[in-house]
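Every number here is computed from the coordinates shown, using simple stated rules; none is lab data. Because the structure is predicted, anything quoted here is derived from the model rather than measured. Note that each Cβ is placed from the backbone with ideal geometry, even for glycine, and that neighbours are counted across all protein chains shown.
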Amino acid sequence: MSQRSRSSRPAVPPGLLVMDKPAGMTSHDVVARVRRIMGTRKVGHAGTLDPMATGVLVLGLERATKLLGHLAMDTKAYLATISLGAATTTDDAEGEVLSSADASGVTEEAINAGIAALTGDLRQVPSAVSAVKVNGRRAYELARAGESVELEARPVTVSRFDLLALHRTGTTTELDVLVECSSGTYVRALARDLGEQLGIGGHLGQLRRTRVGPFGLATVRTLEQLEAEPDLSMDMDGAVATAFPRIDVNAVTARGLAHGQAVTSAGVHGTYGMFGPDGHAVALVRDQGRVAKPVLVLRPAG
């Protein structure tokens, strides 16, 4: 093989990396590190985690970056520590304390009642340092510039909010909790609102994302592990099979999909993957009446 042929090939095959983001790094920092490790500029991430947070961060490499916007990431799960007795400017431990109170006397019954009130379909006001856009600028940019930020409440769903453990130290009470919620829910805001309901203030102490969509901690890799063994978590076929319903089609249908043509619908709600007889994912499609139209061709003809 000539030098020109070798250099024209992508550095790595397309696919996903499910990373365990360490504390103290931004999601962009992780992307930059993975680019160096894997030897490719084509790395993107689905969703973000605050620098203080750890846990599941899904990255796409090469052509799989086009897959990221279609992934079903509408549900997320977290393990968190909520500190009661102080409200902060950022609703987490990195902000300045706005107010403090003695939280040593708050009862477990009151805590559970407050948690119950924050479970289900809610209207939540995001944190002032969130990534929500206000007049084209991120809220956190405005807040850090000293500008006043007022965000409107948004509908979110907290399907699970469980108290796992309670710890008391001096005037502070800390809660270990499990949260399962819809995309767009801020766990920092849950900590803030719980503290407000109890009348003692509260903020997020620690946060670890344990699942985003179908991707959980069972498949994560640390940056150190990736350095030692720079391989994908899953290739394109594995990613589509994990994240979407699968429909197997014959060679004629697969050929039509590869050319971007509509094919007979499979009667599946939402986006799903169609796989050819060779076992490879050909396209992501969505039903429109009696036909399924490609929203992303994964193996184009030629």
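Full extension of the segment from residue 197 to residue 265, taken as 0.36 nm per residue of separation minus the current Cα-Cα distance, would add 19.5 nm.
Rounded to the nearest 20 debye, the dipole size of the chain about its Cα centre is 1800 debye, using +1 on the Cβ of Lys and Arg and -1 on the Cβ of Asp and Glu.
Please give the per residue volume of the convex hull enclosing the alpha carbon atoms of the stretch 244-297, rounded to a whole number of Å³. Let's see the in-between values first.
Working: hull volume 3.3 nm³, N = 54.
Cα convex hull per residue, to the nearest whole number: 62 Å³.
Restricting to Cα atoms and excluding each atom paired with itself, what does the Kirkwood estimate give for the stretch 162-302 in Å? List each step's numbers first, then the result.
Numbers: mean 1/r = 0.0528 Å⁻¹.
Value: 18.9 Å, from the Cα pair sum.
Using a Gaussian network model of the chain in which every pair of alpha carbons under 10 angstrom is joined by a spring, one finds that among 173, 264, 210 the greatest mean-square fluctuation is at 264. Projecting the Cα atoms of 271, 289, 260 onto the charge dipole of the stretch 244-297 (Cβ charges, centred on the Cα centre) puts 289 farthest toward the positive pole.
Label-to-label distance, residue 102 versus residue 123, with points set 7 angstrom from Cα along the beta-carbon direction: 3.7 nm. Between 252, 18, 158, which gets the highest mean-square fluctuation from a Gaussian network model of the chain, Cα cutoff 10 Å? Checking each option, the largest mean-square fluctuation is seen for 252. Here the label points at residue 231 and residue 162, each 7 Å from Cα along the C-beta direction, are separated by 3.3 nm in the simple model. Here the relative contact order of the chain, from alpha carbon pairs under 8 Å that lie six or more residues apart, stands at 20 percent. Shown is the FRET efficiency for residue 112 and residue 286, computed with R0 = 45 Å from the Cβ-Cβ distance and rounded to the nearest 0.05: 0.60. Of the candidates 160, 221, 168, which one comes out as most mobile in a Gaussian network treatment of the chain with C-alpha springs shorter than 10 Å? The residue with the greatest mean-square fluctuation here is 168.
For the stretch 168-180, putting each phi into the Karplus relation 6.51 cos²θ - 1.76 cosθ + 1.60 with θ = phi - 60° gives couplings of 10, 9, x, 8, 9, 10, 10, 10, 8, 10, 10, 10, 10 Hz, in residue order, rounded to whole numbers and with x for Gly and Pro.
Site pair residue 222 and residue 299 shows an inter-label distance of 3.7 nm when each label is modelled 7 Å from Cα along Cα→Cβ. Estimated translational diffusion coefficient (Stokes-Einstein, Kirkwood radius over Cα pairs, 37 °C, 0.692 mPa s) of the stretch 145-242: 193 µm² per second. The angle between the Cα long axis of helix 108-117 and the longest principal axis of the Cα atoms of the chain comes to about 50 degrees, rounded to the nearest 10.
Can you give me the angle between helix 27-38 and the longest principal axis of the chain, using Cα atoms only, in degrees from 0 to 90, rounded to the nearest 10? Taking Cα atoms only, the helix is inclined about 40 degrees. Helices in the chain, meaning DSSP H runs of at least 4 residues, each add -39500 (n - 2.57). Divided by all residues, the mean residue ellipticity at 222 nm is -6000 deg cm²/dmol. The string of couplings for the stretch 256-266 from the Karplus curve (6.51, -1.76, 1.60, θ = phi - 60°) is x, 4, 4, 8, x, 7, 6, 10, 5, 5, 9 Hz, one whole number per residue in order, with x for Gly and Pro. Summing +1 for each Lys or Arg and -1 for each Asp or Glu, what net charge is found among the other residues whose Cβ lies under 12 Å from the Cβ of residue 65? With Lys, Arg at +1 and Asp, Glu at -1, the neighbours total +4.
Taking only the Cα atoms of the chain, the radius of gyration and Dmax are 22.5, 74 Å. Compared with the dominant principal axis of the Cα atoms in the chain, helix 187-198 is inclined by about 20°.
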